[in-house]
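The values are calculated or read from the model by the stated rules, or taken from the named source; none is laboratory data. As the structure is a prediction and not an experimental result, all values here were calculated from the model. Glycine gets a Cβ as well: all are built from the backbone with ideal geometry, and neighbour counts include every protein chain shown.
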Amino acid sequence: MKYAFSFLAVIALILIAGLGSQIPGMHYLFGVAIPYLAIMLFVGGFVYRIIQWAKSPVPFSIPTTCGQAASLDFIKQDKLDCPTKTSEVVARMFLEVFLFRSLFRNTKSEIHDGPKLTYESSKWLWVFGLLFHYSFLVIVIRHMRLFIEPIPRWLTAIEGVDAMLQIGAPTLYLSSITLLIGLLFLFARRLMNRQVRYISLNNDYFPLVLIFAIAVTGILMRYFLRTDIDIINIKNLAMGLVTFSPVIGAKIGAIFYIHLFLVSILLAYFPFSKLMHMGGVFMSPTRNMANDSRAKRHINPWNDPNIKPHSYAGYEDEFREFMVEAGIPVEKELPAAKDEV
Amino acid sequence: MYNKGTIIPGLIIFVLFVTFPIWFNGFKAGTPPKPELPPGGEKKCVESVEYMRANHMQLLDEWRDNVLRDGNRSVVTVEGKDYRKGLQMACMQCHSNKEKFCDSCHTYAAVNPYCWDCHLSPKEAASKEETR
């Protein structure tokens, strides 16, 4: 029941925002102060985490190689899976970030009678992972219509494609549905897959439940609980926030404050959680290094410059006498003693 | 800090992305639109102002389904006044200026209702009359 805590936490957050925003005078706390605080924590925390990571040395050259390394001329190199040049690394990273290429290789292992261990390709995580991430991206881009004025044409175009089925009014966005489907899969996977369930922690469940609650409150606000949801007021508040002159003109429904509060919590929580994989994917040495350790020496930044290299020849020079005495074979014999001549 | 050459530009790009609305607007919040009240001075609508502000699109969608899909053209009577279900037949009788009424908010909120795929604004309808 590890996931129960995440549900309780999100329900508590919903109650705080739902009830708190109804207290007279608390609008500015939930509509202005908390969003500002959250975005500052998000940007500050994100930059802090990246700098902390950038300060950690990479002692070894550890790119994961998944194909033929550069070798003799007549052996074809797998340039994407075993890059040796920066340009190849960039191409590999691009596909990793935009298409989750390493997740595409995901396999499922099972034990059958025999006992026999089998591995088979499992693409579901990749498919629903892509669906979830791209839906989320489209949703974030779509929300920019509340933060900018005048609205550029590309934004209207993205929104038009997202609402192209013209279902209902306000028109149904496809990304709202695909986001929920993606989230449900990712959550169900943590419950159903025994191995994943065993290693899942609260900090795996909480972001899923939180994002789910954000999506559901957004959908409720847009299609169902429309009392006091006047988009003009909301955009006026959002424009005020990004121009540092926030005003809350008319009354806005509680569902809006719940949605905004949950988003603020997500932003504030982001830099201190697993969600930092957004920045971390660029910082991962197994992906962002070229497999060129035979062409270029990788110097460990931790090396103490006072410790000089000590070759075997030097070592033998230092200890030859003792080695001969102990009967250890040496490459160069001791010089013949003078008194024996 | 290692790899400053790539990490610092990366962080700058990240911050620019996150603060996109701040520099895109250039600190100008713009003014929220004030839709024009009916030029004829009409004060009553089929529902209250608050309801219409929040739910007019759902009401219109319902009317559209009633009329076009169910063939139900029954008249809506509010406080003794009859309204025929329709954008041009009811709404635009009073709110006759599409540009100053509908479009003022829709442009601000980037809403592109497909009403006008079929309907004509009174101005357009008048110009069609002339050409015919």
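Remarks
- A residue that is of a type outside the set (Gly, Ala, Ser), closer than 22 Å to A:Phe42 by Cα, within 26 Å of the chain's Cα centre (by Cα) and not in a helix (DSSP H, G or I) occurs nowhere in region B:53-73.
- Out of A:Ile255, A:Ile234, one residue alone is crowded, with 19+ Cβ neighbours inside 10 Å, within 30 Å of A:Ser6 (Cα to Cα), in the same structural domain as A:Val97 (by TED's automatic domain parsing) and over 29 Å from the mean Cα position of the chain (by Cα). It is A:Ile234.
- Scanning region A:148-170 for residues that are within 7 Å of chain B (Cβ to nearest Cβ) and outside any loop (DSSP other than H, G, I, E, B) yields a total of 4.
- Screening the candidates A:Pro305, A:Pro246, A:Pro309 for the property of being assigned to a loop (DSSP other than H, G, I, E, B) and either modelled with pLDDT of 90 or more or surrounded by 10 or more Cβ atoms within 10 Å (Cβ to Cβ) (or both) yields one hit, A:Pro246.
- The set of residues in region A:120-147 being of a type in the set (S, T, N, Q) and assigned to a helix (DSSP H, G or I) consists of A:Ser135 alone.
- In the set (1) closer than 23 Å to A:Thr156 by Cβ; (2) free of Cβ contacts under 8 Å to residues at least 60 places away in the same chain, B:Phe101 fails one condition alone, (2).
- The condition of being assigned by TED's automatic domain parsing to the domain that holds A:Val209, part of a loop (DSSP other than H, G, I, E, B) and free of Cβ contacts under 8 Å to residues at least 12 places away in the same chain does not hold for A:Asp292.
- Scanning region B:1-27 for residues that are surrounded by fewer than 10 Cβ atoms within 10 Å (Cβ to Cβ) and within 7 Å of chain A (Cβ to nearest Cβ) yields no hits at all.
- Condition met for A:Ala69 (in contact (Cβ under 8 Å) with a residue 12 or more places away in the chain, within 13 Å of chain B (Cβ to nearest Cβ) and among the hydrophobic types (A, V, I, L, M, F, W, C)): no
- Qualifying residue in region B:29-45 (condition: on the phi < 0 side of the Ramachandran plot, over 18 Å from the mean Cα position of the chain (by Cα), of a type in the set (Ser, Thr, Tyr) and part of a loop (DSSP other than H, G, I, E, B)): no
- Inspection of region A:324-331 finds a residue satisfying the criterion of being over 20 Å from A:His143 (Cβ atoms), outside any helix (DSSP H, G or I), outside the structural domain of A:Ile139 (by TED's automatic domain parsing) and in contact (Cβ under 8 Å) with a residue 12 or more places away in the chain.
- Within the set A:Phe261, A:Phe224, the sole residue that is farther than 30 Å from A:Ser61 by Cβ and either buried (at least 21 other Cβ atoms within 10 Å of the Cβ) or away from every other protein chain (no Cβ under 12 Å) (or both) turns out to be A:Phe261.
- One residue from B:Val75, B:Val67 being surrounded by 14 or more Cβ atoms within 10 Å (Cβ to Cβ) and either farther than 26 Å from A:Met144 by Cβ or more than 14 Å from chain A (Cβ to nearest Cβ) (or both): B:Val67
- Any hit, region A:98-114, residues being among the polar types (S, T, N, Q), assigned by TED's automatic domain parsing to the domain that holds A:Ile234 and part of a strand (DSSP E or B): yes
- The single condition among (1) modelled with pLDDT of 85 or more; (2) away from chain A (no Cβ under 14 Å) that B:Met52 does not satisfy is (2).
- A:Ile232 hydrophobic (A, V, I, L, M, F, W, C), assigned to a loop (DSSP other than H, G, I, E, B) and within 14 Å of chain B (Cβ to nearest Cβ): no
- Counted residues, region A:171-199 - those being assigned to a helix (DSSP H, G or I) and within 14 Å of chain B (Cβ to nearest Cβ): 0
- Qualifying position, being within 30 Å of A:Pro271 (Cβ to Cβ) and assigned to a loop (DSSP other than H, G, I, E, B), among A:Pro59, A:Pro35: A:Pro59
- The condition of being within 14 Å of A:His133 (Cα to Cα) and at pLDDT 90 or above holds for only one of A:Leu179, A:Leu172, A:Leu155, that being A:Leu179.
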